[in-house]
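Worksheet for the structure shown next.
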Number of protein chains: 2
Amino acid sequence: MIGHHPEPDQIKLENVLTALGHPMRLAIVRELAGGGERACGTVLSKEIAKSTLTHHWRVLRDSGVIRQRPSGREHLLSLRREDLEQRFPGLLDSVLAGVESDPESVDRYAP
Amino acid sequence: MIGHHPEPDQIKLENVLTALGHPMRLAIVRELAGGGERACGTVLSKEIAKSTLTHHWRVLRDSGVIRQRPSGREHLLSLRREDLEQRFPGLLDSVLAGVESDPESVDRYAP
């Protein structure tokens with residue numbers, strides 16, 4: 001495990017909302033909502049700078065939205081769906097439905 | 001009507017999430033969730049500086065979360081509950097439930 005991952009009961013609502021309040025991070029969450037772990041290089045468009053990605057992984061990880069796990073020279077990402085659902089029931093599903101209802105601002109970051 | 005109020009179909013998910021991603025703004029939303037219009041001076045603790053309040057009203061208003069209406073020398077605030085529910089079903093209710101499940105970070109701003 002790398003970086004800071006809050007325990008489920010330490011996940012704060014305002015941090016989750018702030019983390020989700022960005023189209024690139026919504027794009028990441030939508031992509032990871034498919035389930036399982038994804039190599040960090042496959043989640044968004046190849047055109048996004050690595051430093052930008054690193055920043056967004058950190059915001060999502062520190063808030064408790066995603067989990068990062070090292071694997072060789074890269075890391076694997078997954079959505080903390082069960083932890084979020086337990087902590088804030090219905091929140092993630094309503095956000096994902098919101099993304100689906102207006103995907104334009106998110107689509108441009110898709111891989 | 002004062003300031004910028006987005007039309008319902010112009011309300012953006014990332015703006016709503018960013019607006020809600022702050023404990024003082026969650027306190028405002030919780031207070032307004034009781035329904036109806038509230039004078040701006042009655043929504044949060046009297047100890048919060050007016051310039052701070054003005055900033056947070058603007059973030060909530062510009063994102064589409066609240067409505068501001070002038071009334072004499074002050075203004076009245078209300079939650080755009082129906083607009084938000086229509087645009088992002090279930091989102092506001094799950095956020096309000098999240099506040100109720102962990103009210104500590106919000107209680108300190110209560111009136």
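The values are calculated or read from the model by the stated rules, or taken from the named source; none is laboratory data. Quick caveat: nothing in here was measured; it's all calculated off a predicted structure. Neighbour counts are summed over all protein chains in view; Cβ atoms, including those assigned to glycine, are modelled from backbone coordinates with ideal geometry. Only protein heavy atoms, including side chains, enter the accessible area calculation; ligands, DNA and RNA are left aside. Shrake-Rupley method; radii C 1.70, N 1.55, O 1.52, S 1.80 Å.
Things worth noting here:
- In chain A, helices alone account for a calculated mean residue ellipticity at 222 nm of -13500 deg cm²/dmol, with every DSSP H run of four or more residues adding -39,500 (n - 2.57).
- Copies compared at A:Ala33 - label distances in nm, ascending, label defined 7 Å from Cα in the Cβ direction: 2.1
- Largest first, the residues A:His4, A:His55, B:His56 sort by 1.4 Å accessible area into A:His4, A:His55, B:His56.
- Shape category assigned to the protein assembly as shown from the gyration tensor of Cα positions, a/c cut at 1.5: prolate
- Each copy carries a label point for B:Ser105 at 7 Å from Cα along the beta-carbon vector; from one copy to the others these points are 2.1 nm apart, nearest first.
- Per-copy distances of the B:Thr54 label point, shortest first, in nm (7 angstrom along Cα→Cβ): 4.0
- Taking every protein chain into account, the accessible area of the protein assembly as shown amounts to 48 square angstrom per residue (probe 1.4 Å).
- Simple spin-label estimate for B:Arg69 and A:Ala97 in nanometres, 7 Å along Cα-Cβ: 2.8 nm
- Sorted largest first, extent of chain B alpha carbons per principal axis (Å): 34, 33, 22
- Largest accessible area first, the listed residues B:Arg25, B:Arg73 line up as B:Arg73, B:Arg25 when surface is computed with a 1.4 Å probe on the assembled protein chains.
- Inter-chain shielding of B:81-94 (mean C-beta neighbours from other protein chains, 10 Å cut-off): 3
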